[in-house]
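Down below is the structure, laid out as structure tokens.
The values are calculated or read from the model by the stated rules, or taken from the named source; none is laboratory data. All values derive from a computational prediction rather than experimental measurement. Because the Cβ atoms are built from the backbone with ideal geometry, glycine has one as well, and the counts that use them run over all protein chains shown. Just so you know, the surface numbers come from the protein's heavy atoms only, side chains and all, with ligands and any DNA or RNA stripped out. Shrake-Rupley method; radii C 1.70, N 1.55, O 1.52, S 1.80 Å.
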Amino acid sequence: MFSRFRVPSKYINVALLNHTIVVLFEDSLKFYLSLYGHRLPVMALDVSDDSQMIASGSADKNVRLWSTQFGNCLKSLKAHEESVMQVKFLPGTHYLATAGRDHKLKLWDCDSYELITALPGHACEILAMALSQDAAFIVTAGSDKQIRIWRRTQEQLFLSEERAKELEEQFEQEVEREDLAPAAAVAAPRPTRRSVESVRTTERLMDSVLPCFKFGHLDPYGKSEKEKSDASTPAFTVHPAVW
């Protein structure tokens with residue numbers, strides 16, 4: 001359980017062990033709102049500078065955006081492949097930085113609910129994150145014993161190019177998994193046991209085949225009557241008495 005308060009907000013936000021978030025009035029500590037929707041404990045919580053939006057990250061891998069006016073969930077984002085460990089609003093904006101156990105730092109536009117970019121780099125889960133006052137850089141620390149500083153550049157970022165890059169990376173990962181996957185063993189069919197039904201079926205099949213041999217409609221070696229008569233020793237002789 002932990003709380004989050006942002007000056008000059010008049011609300012205190014508290015994450016509880018029952019997967020919910022309680023919003024209290026700062027002056028009287030009276031109950032104001034209860035935010036529920038996460039399926040696992042909330043791991044991180046933050047409030048935008050204008051106090052209009054709350055972001056919560058959970059062990060259910062989702063980031064939920066809440067309205068402080070009515071307490072409704074604006075959007076649920078499938079943010080990470082593992083638990084979300086940190087969420088932070090960039091100062092003065094509705095841009096959100098998230099970090100998770102999948103080793104990635106991600107930036108989101110919470111007005112359009114779109115992913116801006118994903119930044120890999122850590123070898124293990126990210127445990128802590130901090131932002132500068134002017135949002136010029138982000139600092140992350142992970143269980144890989146590394147502290148990384150991410151600086152904002154002046155280069156333009158196109159979301160369509162980012163999405164295409166993500167799809168290409170996913171395709172490469174799938175190809176690698178298929179290459180590393182062991183070849184499936186081909187199971188040999190097991191011989192069936194002899195039963196009364198199988199014997200009767202075999203007898204009916206023979207009864208239907210024997211007349212064909214008897215009247216010359218079918219020859220097991222595909223020879224004509226002349227070829228069989230010319231042969232010194234018949235290759236195959238069929239007589240009903242044999243069966």
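Any idea how many residues of segment 77-98 are over 19 Å from residue 163 (Cα atoms) and either surrounded by 22 or more Cβ atoms within 10 Å (Cβ to Cβ) or within 25 Å of the chain's Cα centre (by Cα) (or both)? Walk me through it before giving the result.
Of all residues in segment 77-98, those over 19 Å from residue 163 (Cα atoms) come to 82-94.
Then keep just the ones that are either surrounded by 22 or more Cβ atoms within 10 Å (Cβ to Cβ) or within 25 Å of the chain's Cα centre (by Cα) (or both); that gives 82-89.
Here the count works out to 8.
If you check residue 65 against the conditions, is it of a type in the set (A, V, I, L, M) and either part of a loop (DSSP other than H, G, I, E, B) or in contact with a helix residue (DSSP H, G or I) (Cβ under 8 Å, 6 or more places away or on another chain) (or both)? No; evaluated as a whole, the condition is false for this residue. Within segment 89-104, being of a type in the set (D, E, K, R) and more than 12 Å from residue 43 (Cα to Cα) holds for 102, 104.
Selection over segment 131-159 of residues that are out of contact with any strand residue (DSSP E or B) (no Cβ under 9 Å at 6 or more places or on another chain), under 25 Å from residue 109 (Cβ atoms) and modelled with pLDDT of 75 or more gives a count of 5.
Among the residues making up segment 120-148, those that are under 21 Å from residue 91 (Cα atoms), not hydrophobic (A, V, I, L, M, F, W, C) and not in a loop (DSSP other than H, G, I, E, B) are 140, 148. Any idea which residue in segment 3-43 is most open to solvent (accessible area, probe 1.4 Å), counting only those that are closer than 17 Å to residue 74 by Cβ and not in a loop (DSSP other than H, G, I, E, B)? Ranking the candidates gives 34 first. Of all the numbered requirements in (1) closer than 20 Å to residue 43 by Cβ; (2) at pLDDT 90 or above; (3) surrounded by fewer than 20 Cβ atoms within 10 Å (Cβ to Cβ), residue 118 misses one, and that requirement is (2).
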